[in-house]
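The following block contains the structure, expressed as structure tokens.
The values are calculated or read from the model by the stated rules, or taken from the named source; none is laboratory data. The shown structure was predicted, so the numbers you read here are calculated from the model rather than taken from an experiment. Note that each Cβ is placed from the backbone with ideal geometry, even for glycine, and that neighbours are counted across all protein chains shown. The protein model used for the area step is the full one, side chains on, heavy atoms only, and it has no ligands, DNA or RNA in it. Shrake-Rupley method; radii C 1.70, N 1.55, O 1.52, S 1.80 Å.
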Amino acid sequence: MVRKSSIDEILNHWILAGSCILLSITGFAFLFHLEPVSAAFGGPNTMKDVHNWGGVVFGLSLLYSLRHYIADALEYDADDLQWFKVAGGYLSHKVTVPPMGKYNPGQKLYYLAIVVFGVAIALSGLGMWLMKDNATVMLLSHLVHSVSFIVFVIAVPVHIYLGTVANPGTFKLMISGTLPLDEAKRRYPKWMKAAGKM
Ligand code: HEM
């Protein structure tokens with residue numbers, strides 16, 4: 001077996017995912033005044049506290065995730081460019097997908113989007129929470145928070161789909177963090193080569 005995800009990476013992924021889902025549920029409930037949802041949290045005030053502190057957990061978890069993904073997410077090569085040209089092989093079985101490293105460029109850009117819009121949504125949330133008396137901060141924060149929320153609502157379900165049903169076997173990386181050596185050689189040949197396993 002080969003270890004792709006460390007234990008702290010797996011734990012932090014689930015903190016990031018759990019807080020993100022909690023924030024999405026409570027965020028939707030605020031947006032559409034979903035009373036049964038706020039009642040489930042013990043009323044709108046408690047739900048606001050859950051949302052605000054959930055945002056703090058999300059922000060810290062996002063910062064911690066930098067040590068796991070940012071180095072890979074900032075490195076691209078000619079195979080990555082070719083990967084985009086064949087859309088990762090998702091649109092046709094006739095194309096040849098170039099050999100990949102530990103992450104494909106779709107995953108790398110997904111991570112960068114999560115960092116950029118995650119920081120934006122967290123900072124704008126703090127702005128609305130702590131600077132209620134400043135009209136400019138409130139206006140800008142509402143705008144940034146809403147735009148970032150739209151990005152999350154589109155990107156995260158796509159990520160969940162790709163990490164589960166669309167790529168069978170991938171999900172276990174976020175449970176055990178390991179995969180069989182032959183599978184790792186087939187899916188991440190450049191990473192395996194760099195690790196001296198090929
Ligand atoms: C709750 C449902 C989720 C599932 C089933 C899921 C599944 C996965 C899986 C299987 C991987 C490993 C992919 C690989 O190593 O090849 C992964 C990685 C990752 N996940 Fe999730 N995830 C979920 C939610 C989230 C959320 C909500 C976020 C961020 C807000 C997130 C951020 C990431 C990041 C940044 C990575 C590393 C880069 C990548 O592989 O795309 N995940 N996830």
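Starting from the residue with the highest accessible area, list W14, W83, W191 in decreasing order, probe 1.4 Å.
From most accessible down to least: W14, W191, W83.
Between A39 and L181, what FRET efficiency comes out of the Förster formula 1/(1 + (r/R0)^6) with R0 = 45 Å and r the beta carbon distance, rounded to 0.05? Numbers along the way, then the final one.
Numbers: r = 51 Å, r/R0 = 1.13.
Result of the calculation: an efficiency of 0.30.
For the chain, calculate the relative contact order in percent as a whole number, restricting contacts to Cα pairs under 8 Å that are 6 or more residues apart. Write down the numbers at each step before the final one.
Numbers: 174 pairs, mean separation 57.0, N = 198.
It rounds to 29 percent for the chain.
Could you look at the chain and say what percent of its accessible area is carbon and sulfur, using a 1.4 Å probe and all protein chains?
Summing carbon and sulfur atoms, their accessible area is 71 percent of the total for the chain.
Next question. Among the listed pairs K108/K190; K85/K172; K108/K172; K108/K193; K172/K197, which have their C-alpha atoms separated by more than 25 angstrom in this model?
Listed pairs above 25 Å: K85/K172.
Given a Förster distance of 30 Å, report the FRET efficiency between Y64 and H93 from their Cβ-Cβ distance, rounded to the nearest 0.05. Don't jump to the answer; show the numbers that get you there.
Numbers: r = 38 Å, r/R0 = 1.27.
So, using R0 = 30 Å, E works out to roughly 0.20.
Ordered by residue, what ³J(HN,Hα) values in Hz, to whole numbers, does region 97-104 give under the Karplus form 6.51 cos²θ - 1.76 cosθ + 1.60, where θ = phi - 60° and Gly and Pro are x?
Going residue by residue, I get 7, x, x, 10, x, 5, 10, 7 Hz, with x marking Gly and Pro.
Once you charge only the Cβ atoms, +1 for Lys and Arg and -1 for Asp and Glu, what is the size of the charge dipole of the chain about its Cα centre, to the nearest 20 debye?
700
Scan the chain and hand back the longest stretch that contains none of the trypsin sites (Lys or Arg not before Pro) lying in DSSP loops with at most 16 other Cβ atoms within 10 Å.
1-93
How high is the FRET efficiency from M198 to V153, r the C-beta distance, R0 45 Å, rounded to 0.05?
The value I calculate is 0.70.
Give me a comma-separated list of calculated 3J(HN,Hα) values for region 118-129, in order, Karplus coefficients 6.51, -1.76, 1.60 applied at θ = phi - 60°, integers in Hz, x for any Gly or Pro.
x, 5, 4, 5, 6, 5, 5, x, 4, x, 5, 6
Now, a different point. Roll a 1.4 Å probe over the protein heavy atoms and report the accessible area of I150 in Å², nearest 10.
Looks like 100 Å² after rounding.
What residue among V95, V57, V153 shows peak mean-square fluctuation when the chain is described by a Gaussian network model with Cα springs under 10 Å?
Looking only at V95, V57, V153, the largest GNM fluctuation is found for V95.
Let me ask you something else. In whole Å, what is the distance between the alpha-carbon centres of region 13-49 and region 53-103?
29
Considering all alpha-carbon pairs of the chain, what whole percent are spaced by more than 32 angstrom?
26
Report, in debye and to the nearest 20, how large the dipole of region 117-190 comes out about its Cα centre when Lys and Arg carry +1 and Asp and Glu carry -1 on their Cβ.
320
Not counting ligands, DNA or RNA, and with a 1.4 Å probe, what is Y111's accessible surface area in Å² rounded to the nearest 10?
Accessible area, nearest 10 Å²: 20 Å².
Need one number: nm distance between label points at R3 and H142, each 7 Å from Cα along Cα→Cβ, rounded to one decimal.
Distance between the two pseudo-spin positions: 4.9 nm.
Considering amide H positions built from the backbone, and no H for Pro or chain starts, which residues 5 or more places from V2, or on another chain, come under 5 Å of its amide H?
Counting only residues 5 or more places away or on other chains, the set is L179, L181.
Can you tell me the accessible area per residue over region 2-194, all protein chains present, probe 1.4 angstrom, in square angstrom? Write out the running numbers ahead of the final one.
Numbers: 11410 Å² over 193 residues.
For region 2-194, the solvent-accessible area averages 59 Å² per residue.
Cα gyration tensor of region 10-103, axes a ≥ b ≥ c as square roots of the eigenvalues: rounded (a/c below 1.5), prolate (a/b > b/c) or oblate?
Taking the square roots of the gyration eigenvalues as a ≥ b ≥ c, region 10-103 is prolate.
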